[in-house]
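Participant: Let me give you the structure first, and then I'll get to my questions.
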Amino acid sequence: MIESGVDIAPAEGKLGILLVGLGAVSTTLVAGVEAVRLGISQPVGSLTQMGTIRLGKRTDNRSPLIKDFVPLANLDDVVFGAWDIFSENAYEAALNAGVLEKELLAQVSEQLASLKPMPAVFEQNYVKRLNGNNIKQGANKMELAEQLMRDIADFKAANGCSRLVMVWAASTEIFLESSDVHSSLEAFEKGLYDSDPGIAPSMIYAYAALKSGVPFANGAPNLTVDIPALLELADKMRVPICGKDFKTGQTLMKTILAPGFKARMLGLEGWYSTNILGNRDGEVLDDPESFKTKEESKLSVLEHILQPDVYPDLYEGFSHVVRINYYPPRGDNKEGWDNIDIFGWLGYKMQIKVDFLCRDSILAAPLALDLALFLDLAQRAGMKGIQEWLSFYFKAPQTAEGLYAEHDLFIQLMKLKNTLRHMKGEELITHLGLEYYD
Ligand SMILES: NC(=O)c1ccc[n+]([C@@H]2O[C@H](COP(=O)([O-])OP(=O)(O)OC[C@H]3O[C@@H](n4cnc5c(N)ncnc54)[C@H](O)[C@@H]3O)[C@@H](O)[C@H]2O)c1
């Protein structure tokens with residue numbers, strides 16, 4: 001099917017990427033972009049920077065880089081802003097996070113030191129293990145939202161940006177469920193004036209972003225934009241949103257392996273996953289209420305990929321356990337263990353052990369970059385509301401009401417690339433390929 005494509009405004013001028021939280025992921029992102037700009041590193045792990053896209057028939061030999069195919073902001077045109085509850089600049093925060101080597105950070109120290117976080121909207125009730133002093137004061141939550149909107153407008157003017165996007169890379173908040181205050185924009189705005197406890201800081205940032213016409217991506221598992229009130233606002237303001245929880249480490253491995261088991265009709269008895277992690281994220285997740293938020297997001301993937309209702313003989317009642325243990329010596333260099341009990345022909349049992357010695361922020365930083373660039377593209381292409389084509393990047397992808405989320409990484413990638421083809425009026429690729437045999 002030949003598509004007609006959509007009008008996409010050019011990526012003119014500067015793009016401001018506003019990071020909520022200037023911790024391990026954010027500083028690794030900012031330092032990485034600076035290093036790439038200086039030509040001392042490669043943007044490994046970033047689909048927007050290194051990925052290609054096949055166009056037309058296999059015999060056409062057309063596979064441009066994605067960044068040459070769709071008009072993405074150039075990394076030289078990106079400028080970063082941030083909020084954090086600690087006032088240390090991005091250089092100090094990167095040294096504390098301990099992800100990147102001091103030698104690399106020294107080469108971008110000037111650029112990092114110039115990024116100083118704006119005072120945050122924060123309440124300890126929502127992240128029990130943290131206590132900072134770079135925090136906004138306001139009579140109620142609406143006043144705090146207004147202060148954020150002023151920050152956004154001031155940042156845009158001071159840095160001469162033509163466009164902005166916001167990415168939540170701050171700590172995981174306690175588990176919240178959608179309730180009455182989230183049910184409509186009207187109820188939510190009243191809740192802001194009343195400082196309703198159902199409104200978490202992440203929702204105040206998201207509200208400020210959407211009200212300012214700024215796209216919002218949620219890199220953590222908090223509820224945040226996953227509520228009717230903010231969906232209504234995104235729709236009204238014609239702003240794209242996506243979430244939630246960057247798909248890195250163990251869940252990435254799950255969404256690579258599980259589709260393979262299902263494709264081969266191999267059964268699953270159980271999947272036990274445990275992690276040891278020693279960074280601040282690990283410390284926050286050591287609190288049961290923050291862990292619950294993470295657990296919900298991590299547990300959802302296998303059920304959806306394996307479809308026990310469609311394949312009861314293979315997947316009904318499998319056991320799925322996820323643990324995260326805070327273990328300071330490991331810092332950001334997490335270890336994720338998986339024990340997978342599968343069965344094959346005639347029910348014969350087998351085991352797979354995966355021991356992923358990964359680096360959390362090294363895996364997450366390129367996702368945050370891609371999300372910022374793709375959300376900006378979506379905005380210029382007039383795409384509003386939930387951007388399901390970006391589910392490739394998330395553990396718990398947001399979808400339209402009543403739709404189950406697609407977790408299979410390969411289906412997600414196909415959806416992403418077909419969306420880009422659709423935007424540009426290129427033929428969608430179905431992999432049918434019968435024409436080669438006519
Ligand atoms: N690294 C990964 O692989 C990965 C994967 C999925 C999700 N995440 C999520 O991304 C988030 C960031 O991870 P990280 O490793 O950078 O954590 P981090 O603890 O190093 O950084 C988070 C920062 O957010 C700040 N913060 C907390 N609440 C804030 C608020 N209300 N406003 C502004 N700043 C606030 C903290 O002070 C801290 O500096 C976490 O929620 C984590 O669960 C990370």
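Participant: Filter the DSSP H helices in the chain by two things, a Kyte-Doolittle mean of at least 0.5 and an axial alpha-carbon span of 30 angstrom or more, and list the hits by number.
Facilitator: 360-380
Participant: Follow-up question, since we're still on this one. Quick one: order S4, S184 by neighbouring beta-carbon count within 10 Å, fewest to most.
Facilitator: Ordered by Cβ neighbours within 10 Å, fewest first: S4, S184.
Participant: In terms of the Cα gyration tensor, with a ≥ b ≥ c the square roots of its eigenvalues, is the chain rounded because a/c is under 1.5, prolate because a/b exceeds b/c, or oblate?
Facilitator: Note, shape of the chain comes out rounded.
Participant: Okay, moving on. Using R₀ = 35 Å, calculate the FRET efficiency as 1/(1 + (r/R₀)^6) where r is the Cβ-Cβ separation of R264 and D355; round to 0.05.
Facilitator: 0.95
Participant: Pairs K244/K292; K116/K417; K244/K384; K156/K247: which exceed 24 Å Cα-Cα?
Facilitator: Checking Cα-Cα distances, K116/K417; K156/K247 exceed 24 Å.
Participant: Just how far, in whole angstrom, is the stretch 166-216 from the stretch 323-385 if you go by their alpha carbon centroids?
Facilitator: If you average the Cα positions of each part, the centres end up 26 Å apart.
Participant: Shifting gears a bit: Which GluC sites (Glu not before Pro) in the stretch 88-129 pass both tests, a DSSP loop state and at most 10 other beta-carbon atoms within 10 Å?
Facilitator: E101
Participant: For the stretch 218-242 and the stretch 115-139, what is the centre-to-centre distance using only Cα atoms, to the nearest Å?
Facilitator: Their Cα centres are 22 Å away from one another.
Participant: Okay, next question. Using modelled backbone amide H atoms (1.01 Å from N, in-plane), which distant-in-sequence or interchain residues come within less than 5 Å of F80's amide H?
Facilitator: I17
Participant: Then there's this: Would you work out the relative contact order for the stretch 250-357, in percent, from Cα pairs under 8 angstrom that are 6 or more residues apart?
Facilitator: It comes to 40 percent, rounded to a whole number.
Participant: Quick one: order C242, C161 by neighbouring beta-carbon count within 10 Å, fewest to most.
Facilitator: C161, C242
Participant: Distance between Cα centroids, the stretch 392-417 to the stretch 270-287: provide it in whole Å.
Facilitator: After rounding, the separation between the Cα centres reads 24 Å.
Participant: Report, to one decimal in Å, the Kirkwood hydrodynamic radius for the stretch 250-357 based on all distinct Cα pairs.
Facilitator: 14.6
Participant: For the chain, calculate the relative contact order in percent as a whole number, restricting contacts to Cα pairs under 8 Å that are 6 or more residues apart.
Facilitator: That works out to 21 percent.
Participant: Still on this structure: HN-Hα J couplings of the stretch 48-56 from phi, Karplus 6.51/-1.76/1.60, θ = phi - 60°, integer Hz, Gly and Pro as x?
Facilitator: 5, 8, 10, x, 10, 9, 7, 10, x
Participant: So, one more: Return the long-range amide H neighbours of R323 (sequence gap of 5 or more, or a different chain), with a cut-off of under 5 Å between placed amide H atoms.
Facilitator: Those lying under 5 Å, H to H, from R323 are S273, T274, N275.
Participant: Can you work out the Karplus-derived ³J(HN,Hα) for every residue in the stretch 66-77? Use 6.51 cos²θ - 1.76 cosθ + 1.60 with θ = phi - 60°, whole Hz, and x for glycine or proline.
Facilitator: 4, 5, 8, 8, 10, x, 8, 4, 6, 4, 5, 9
Participant: How high is the relative contact order of the stretch 92-159? Use alpha-carbon pairs under 8 Å, at least six apart in sequence, and give a whole percent.
Facilitator: 20
Participant: At R0 = 41 Å, how high is the FRET efficiency between E12 and S195 if r is their beta carbon distance? Nearest 0.05 is fine.
Facilitator: For E12 and S195, the calculated efficiency is 0.55.
Participant: If you don't mind, there's one more thing I want to ask. Which of rounded, prolate, oblate describes the stretch 92-139, given a ≥ b ≥ c as roots of the alpha-carbon gyration tensor eigenvalues and a/c under 1.5 marking rounded, otherwise prolate only if a/b is larger than b/c?
Facilitator: The shape class here is oblate.
Participant: Using a Förster distance of 35 angstrom, determine the FRET efficiency expected from the C-beta separation of L299 and R54, and round it to 0.05.
Facilitator: After rounding to 0.05, the efficiency reads 0.50.
Participant: Next up: Helix-only estimate, please: 222 nm mean residue ellipticity of the chain, summing -39500 (n - 2.57) across DSSP H runs of length 4 or more and dividing by its residues, to the nearest 500.
Facilitator: So the calculated ellipticity at 222 nm is -11500 deg cm²/dmol.
Participant: Also, quick follow-up: Tell me, in nm to one decimal, what length is gained between N339 and A113 on full extension, where the rule is 0.36 nm per residue of separation less the Cα-Cα distance?
Facilitator: 77.1 nm
Participant: Which peptide among 318-327, 384-393 comes first, and what is the full order, when sorted by highest mean count of other Cβ atoms within 10 Å?
Facilitator: In descending order of packing, they fall as 384-393, 318-327.
Participant: Hey, fewest Cβ within 10 Å first, where do W271, W345 land in order?
Facilitator: W345, W271
Participant: Which of rounded, prolate or oblate describes the stretch 172-246 when judged by the alpha-carbon gyration tensor and an a/c cut-off of 1.5?
Facilitator: oblate
Participant: Kindly write out, for the stretch 350-359 in residue order, the coupling ³J(HN,Hα) from the Karplus curve 6.51 cos²θ - 1.76 cosθ + 1.60 (θ = phi - 60°), rounded to whole Hz, with x marking Gly and Pro.
Facilitator: With the stated coefficients, the stretch 350-359 comes to 9, 10, 10, 10, 10, 10, 9, 8, 10, 10 Hz.
No lab work stands behind these numbers, since they all come straight from the coordinates. Note that the structure is a prediction, hence the values are computed from the model and not measured. Counting neighbours? That spans all protein chains shown, and the Cβs are built from the backbone with ideal geometry, glycine included.
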